[in-house]
Amino acid sequence: MTTTALRPATSRPEAPPVPGARRTPPAAVALVAALLGFTVITIDVSAVNIALPGIRDSLRGGMTGLQWVVDAYTLLFAGLMLSAGALADRAGARRAYAFGVGLFTLASLACGLAPGIGALIAARVVQGAAAAVVMPASLALIRQAYDDARHRARAIALWTVGGSVAMAAGPVLGGVLTETVGWRAVFFLNLPVGAAILALLVKVAPSPRRPAPIDVPGQVTAVLTLAGLTFAVIEGGHAGWTSAPVLGSLALAVVCAVTFYAVEKRHRAPVVPLAMLRQRTVAVSLAIGFAVNLAFYGLVFLLGLYLQQARGMSALSAGLVFVPLSVIITSTNLISPRTAERIGRRPVIVIGQLVLSLAMFVLLPLTAGTPMWLVLLLLVPTGLGGAFAVPALTALLMDSVPGPRAGIASGLLNALRQTGGALAVALFGALVAQGDTFSLTGMRVSLVVAGSVLLVTSVLAALLLPGKGE
């Protein structure tokens with residue numbers, strides 16, 4: 001992955017070290033701080049899925065409320081990430097990161113203390129906004145700390161693997177905490193982690209600030225477009241697709257999307273440079289990122305409900321089902337870059353998507369009585385597919401854009417991935433909701449949708465992405 005280290009704007013030579021003066025701490029401190037933040041915001045995405053039945057029983061929220069508990073976080077995470085990189089540049093990576101972590105920690109406290117489903121959803125909105133600041137600022141901290149390209153690449157690889165491990169381990173942690181302490185502990189766990197990160201940041205060198213314009217109209221219309229579309233999908237499954245609120249939210253999404261396009265076409269520093277989207281590799285990579293997360297996030301959401309509602313398992317038992325999946329994802333993430341070096345990134349991306357698509361279809365026969373050993377066996381392709389494709393996909397996208405555009409491209413990819421997850425929860429939740437019961441038929445329809453989308457993007461990758469050496 002090609003990156004450019006952030007350097008102070010001043011050109012004055014560094015003063016010689018003064019005997020007895022405090023030395024600058026090693027870059028490892030910045031790496032640990034960045035990794036902890038990225039880990040905690042990623043765990044929050046998947047751990048909450050296992051806690052959903054506990055939240056429903058405690059706060060008496062129906063399926064719609066549970067979908068918003070997940071999507072309120074993911075939508076703000078996705079939408080605001082488009083401008084979060086510019087915010088990190090303007091404020092300085094360390095300051096922006098400290099602000100994001102502090103806000104995320106306070107919002108986690110509010111989530112854990114929420115007296116009702118509405119208060120929890122509101123706190124999740126703030127959590128998602130804070131997470132959008134944390135992610136790009138954490139990466140910027142690493143880029144600032146490591147001047148050497150090789151050391152920086154290794155640090156970024158650790159950062160990436162840490163996020164993948166957190167995503168896979170989230171359901172396990174969520175299950176353990178929900179069963180042993182209660183669902184509120186899923187949020188309270190963020191408090192000591194946030195405090196540890198802020199303590200580490202005291203030892204990190206201040207970050208330079210750079211002028212970076214923020215496209216407020218483009219950012220606002222992007223969030224409103226996603227929110228309108230997600231609201232329509234969630235409410236359409238419950239209130240009916242022709243109900244006034246659903247039609248109104250769809251109209252809002254369309255108007256905001258058109259406005260967004262018009263704004264981005266004229267803005268001198270758009271959050272989404274339209275010319276970048278016309279590049280074949282960029283456009284296909286974004287579509288693949290969307291499809292992979294739609295399938296993976298959607299499946300994690302479905303499995304959490306299936307295991308607890310259809311099979312009657314406890315949160316702890318449901319979380320433990322994800323342990324083998326976590327191990328497979330972690331191992332595959334480490335293998336993927338080496339394989340891409342040998343055979344090229346395009347084959348790795350195509351194979352990963354096909355395996356993940358296969359994972360959706362092999363789960364179709366699941367029933368409430370399927371032996372657990374068979375469920376675990378059928379989940380193996382899920383761990384292999386996405387973890388195999390994503391590292392190569394990210395590296396390919398970063399290499400396909402100029403260095404100054406790398407941050408924007410990364411933000412776009414992460415935004416599209418989060419959007420895929422948000423829409424999966426909205427659509428799949430509407431399909432599986434059958435009163436207070438879990439619809440296996442709705443789950444099967446959801447799996448077919450996810451698998452089919454992946455087949456389409458697999459074909460696009462095979463036909464349109466550059467091969468090795470191109």
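The values are calculated or read from the model by the stated rules, or taken from the named source; none is laboratory data. Because the structure is predicted, anything quoted here is derived from the model rather than measured. We place every Cβ from the backbone using ideal geometry, glycine too, and count neighbours over all the protein chains shown. Accessible surface is based on the protein model in full, side chains and every heavy atom, while ligands, DNA and RNA are left aside. Shrake-Rupley method; radii C 1.70, N 1.55, O 1.52, S 1.80 Å.
Below, the figures for the structure above:
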quantity	calculated
On Cα atoms only, tilt of 149-180 relative to the major axis of the chain in degrees	30 degrees
Rg(Cα)/(2.2 N^0.38 Å) for the chain, N = residue count	0.95
The chain, accessible surface, carbon-and-sulfur percent (1.4 angstrom probe)	68 percent
Inter-label distance for Leu274 and Thr180, nm, one decimal - labels placed 7 Å from Cα along Cα-to-Cβ	5.4 nm
Estimated FRET transfer efficiency (Arg90, Leu374; beta-carbon r; R0 60 Å; 0.05)	0.70
Linear extension gain, Ala119 paired with Arg266, 0.36 nm per residue minus alpha-carbon span	49.1 nm
Crossing angle, helix 323-343 versus the chain [Cα axis fit, 0-90 degrees, rounded to tens]	50 degrees
Cα long-axis angle, helix 345-362 against the chain (0 to 90 degrees, to the nearest 10)	20 degrees
Residue-span extension gain [Ala283 to Lys203] - 0.36 nm each, minus C-alpha spacing	24.8 nm
Accessible area per residue, Å², the chain with all protein chains present, probe 1.4 Å	41 Å²
Cα gyration tensor, the stretch 227-316 - rounded (a/c under 1.5), prolate or oblate	oblate
For Leu366, net neighbour charge (Lys/Arg +1, Asp/Glu -1) across residues whose Cβ lies under 14 Å away	+2
Simple label model, 7 Å out from Cα along Cβ direction - Val323 to Arg210, nm	4.5 nm
Prolate/oblate/rounded label for the stretch 183-253 (Cα gyration tensor, a/c 1.5)	oblate
Relative contact order of the stretch 321-470, pairs being alpha-carbon contacts under 8 Å that are 6 or more residues apart, as %	36 percent
Estimated dipole of the stretch 276-399 in Debye, rounded to 20 [Cβ of Lys and Arg +1, of Asp and Glu -1, Cα centre]	260 debye
Accessible-area order (highest first, 1.4 angstrom probe) of the listed residues Ile197, Ile43	Ile43, Ile197
Rounded if a/c under 1.5, otherwise prolate or oblate - the stretch 319-470, Cα gyration tensor axes	prolate
FRET efficiency for Ile343 and Leu440, using Cβ-Cβ distance with R0 set to 41 Å, rounded to 0.05	0.60
Under 17 Å from the Ile335 label point (7 Å along Cα→beta-carbon), backbone N, the stretch 345-385	345, 347-359, 377-385
